[in-house]
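K.L.:
Have a look at this one before I ask anything.
The values are calculated or read from the model by the stated rules, or taken from the named source; none is laboratory data. It should be emphasised that the depicted structure is a prediction, and the values quoted were computed from it without experimental measurement. Remember, those area values only see protein heavy atoms, side chains included, never the ligands or the DNA or RNA. Shrake-Rupley method; radii C 1.70, N 1.55, O 1.52, S 1.80 Å.
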Amino acid sequence: MEIDLSPKLAKKVYGGDGGSYFAWSPSELPMLREGNIGAAKLALEKNGFALPKYSDSAQVAYVLQGAGVVGIVLPEKEEKVLPVKKGDAIALPFGVVTWWYNKEDTEFVVLFLGDTSKAHKRGEFTDFYLNGSNGIFTGFSTEFVGRAWDLEEDIAKTLVSKQSGKGIVKVCGANLPEPKKEHRDGMTLNCEEAPLDVDIKKGGRVVVLNTKNLPLVGEVGLGADLVRLDGSAMCSPGFSCDSALQVTYIVRGSGRVQVVGVDGKRVLETTIKAGNLFIVPRFFVVSKIADPEGLEWFSIITTPNPIFTHLAGSIGVWKALSPQVLEAAFNVDSATEKLFRSKRTSDAIFFPPPN
């Protein structure tokens, strides 16, 4: 049975004055379920506060817009309060409790991508809020809350029922902890400021998130990258050669994408734009061409240290094969093989637009 790979936009799940939570549904994007991948976005307005919660999935968070504060409590650890901004990637292993807050005028938007292989529902995140109308506290009786925390009944009732908001609330004048820059160490990496792994003039730039620059992704089990493709440039056809899935969110711009799968069948050919999410199946080959304004995307790969094989350029697999093999494989003469081999002699994976 063929699976629809068409890019999709997220839909609002819940929200209010403080902000909204959006998610991609596996019923609309079947590859989420097939690949055991979850995807969601949090958008906080000024003074928006996402209540403390944990998830049933390990995730990578990426700040798409604005700046804010995130509180992180790793299992059996003290709380860390980080200042975060556009371009920051944060690894969130299993069992981590987080809260998010925006005190700025600009909307604060965070993307969440993660592995749902151990989740309650394949292809979806299930969040467990500690309090609020849908929180853990609400589920327990005042007797159990009182006994567990050694509280009088009236105080237990207040804790159970006082917060009527669900997931996201607005907290004007709240005295939340001040973020500490030193808490960022080992917890986050800014992909827009990090050293470039690839930098091709008039082509594009890549920052790869892995266990070397953010060791915590090893606990998450995911790698990630931020790719910025210049106007009308092309990303070389390539595939993940270690059986990983590639989940791509378009951050900015627009362009065209083609994906080729089994038996040389083109399984996707479409236009992609900001806000789209799509998934490339294992071993399928993908290539993108940016529109004149350029194209930027953030991807997770379902392994912490991904390995890619590119088909074009001097590092491409075709250039590694001997001339005789190419002649036989393409059924061409030596002159055509030499012409083919003479093109794309640089080790680039991005190609500038034709002159």
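K.L.:
Sort Asp88, Asp17, Asp4 by accessible area with a 1.4 Å probe, largest first.
P.N.:
My answer, sorted largest first, is Asp17, Asp4, Asp88.
K.L.:
Please check: in the Gaussian network model of the chain (C-alpha springs, under 10 Å), which one of Arg266, Arg122, Arg147 has the largest mean-square fluctuation.
P.N.:
Among Arg266, Arg122, Arg147, the largest mean-square fluctuation in the Gaussian network model of the chain belongs to Arg147.
K.L.:
Continuing with this model, one more query. How big is the accessible area of Ser236 in square angstrom, nearest 10, if you roll a 1.4 angstrom probe over the protein chains?
P.N.:
In the full protein context, Ser236 sits at about 0 Å².
K.L.:
Could you pull the Rg and Dmax for the range 191-351, using just the Cα atoms, both in Å?
P.N.:
When restricted to the Cα atoms of the range 191-351, Rg and Dmax are 16.4, 51 Å.
K.L.:
Over the chain, what percent of the accessible surface lies on carbon and sulfur atoms, probe 1.4 Å?
P.N.:
Accessible surface attributable to carbon and sulfur in the chain totals 52 percent.
K.L.:
Shifting gears a bit: How do Asp127, Asp197 stack up against each other in accessible area, from largest to smallest, with a 1.4 angstrom probe?
P.N.:
Asp197, Asp127
K.L.:
Taking the Kirkwood radius as the inverse of the mean 1/r across Cα pairs, report the Rg/Rh of the range 109-211.
P.N.:
1.14
K.L.:
Please turn the phi angles of the range 281-295 into ³J(HN,Hα) values with the Karplus equation 6.51 cos²θ - 1.76 cosθ + 1.60 (θ = phi - 60°), one per residue in order, whole Hz, x for glycine and proline.
P.N.:
Using θ = phi - 60°, the values come out as x, 4, 6, 6, 9, 10, 8, 10, 10, 6, 6, x, 7, x, 8 Hz.
K.L.:
Would you list Phe308, Phe283 from the most to the least accessible area, probe 1.4 Å? Don't jump to the answer; show the numbers that get you there.
P.N.:
Details: Phe308 70, Phe283 110 Å².
From most exposed to least exposed: Phe283, Phe308.
K.L.:
Can I ask one more? Evaluate the Kirkwood expression for the hydrodynamic radius of the chain, namely the inverse of the mean inverse distance over all pairs of different C-alpha atoms, and round to one decimal in Å.
P.N.:
22.0
K.L.:
Tell me the Kirkwood hydrodynamic radius of the range 1-146 in angstroms, computed as one over the mean inverse distance between distinct C-alpha pairs.
P.N.:
On the way: mean 1/r = 0.0622 Å⁻¹.
Evaluated on the range 1-146, it is 16.1 Å.
K.L.:
Distance check, please: which entries in Lys86/Lys170; Lys12/Lys201; Lys11/Lys53 exceed 28 angstrom between their Cα atoms?
P.N.:
The answer is Lys12/Lys201.
K.L.:
Could I ask something else about it? Using a 1.4 Å probe, what is the accessible area per residue for the chain, in Å²?
P.N.:
On the way: 17380 Å² over 355 residues.
Here the per-residue accessible area is 49 Å².
K.L.:
Now for a different question. Report the Cα centroid-to-centroid distance between the range 22-59 and the range 113-149 in angstrom, as an integer.
P.N.:
If we compute the Cα centre of each part, the gap is 15 Å.
K.L.:
Enumerate the amide H contacts of Gly38 below 5 Å, restricted to partners 5 or more residues apart or on another chain; note that Pro and chain-start residues carry no placed amide H.
P.N.:
Hits under the 5 Å cutoff: Gly114, Asp115, Thr116.
K.L.:
Step through the residues of the range 183-198 one at a time and calculate ³J(HN,Hα) from phi using the Karplus curve (6.51 cos²θ - 1.76 cosθ + 1.60, θ = phi - 60°), rounding each to whole Hz and writing x for Gly and Pro.
P.N.:
Once θ is set to phi - 60°, the couplings for the range 183-198 become 6, 6, 4, x, 10, 8, 9, 8, 6, 7, 10, 5, x, 7, 8, 9 Hz.
K.L.:
Under 14 Å Cα to Cα from Lys103, which aspartates and glutamates show up? Leave out anything in the same chain fewer than 8 places away.
P.N.:
Asp17, Glu45, Glu178
K.L.:
Let me ask something else about it. Within straight cross-link reach of Lys265, meaning Cα distance under 20 Å, which lysines are found once same-chain residues fewer than 8 apart are removed?
P.N.:
List returned: Lys288.
K.L.:
What list of ³J(HN,Hα) values in whole Hz, one per residue of the range 71-79 in order, does the Karplus curve 6.51 cos²θ - 1.76 cosθ + 1.60 (θ = phi - 60°) give from phi, with Gly and Pro shown as x?
P.N.:
Going residue by residue, I get x, 10, 10, 6, x, 6, 10, 7, 5 Hz, with x marking Gly and Pro.
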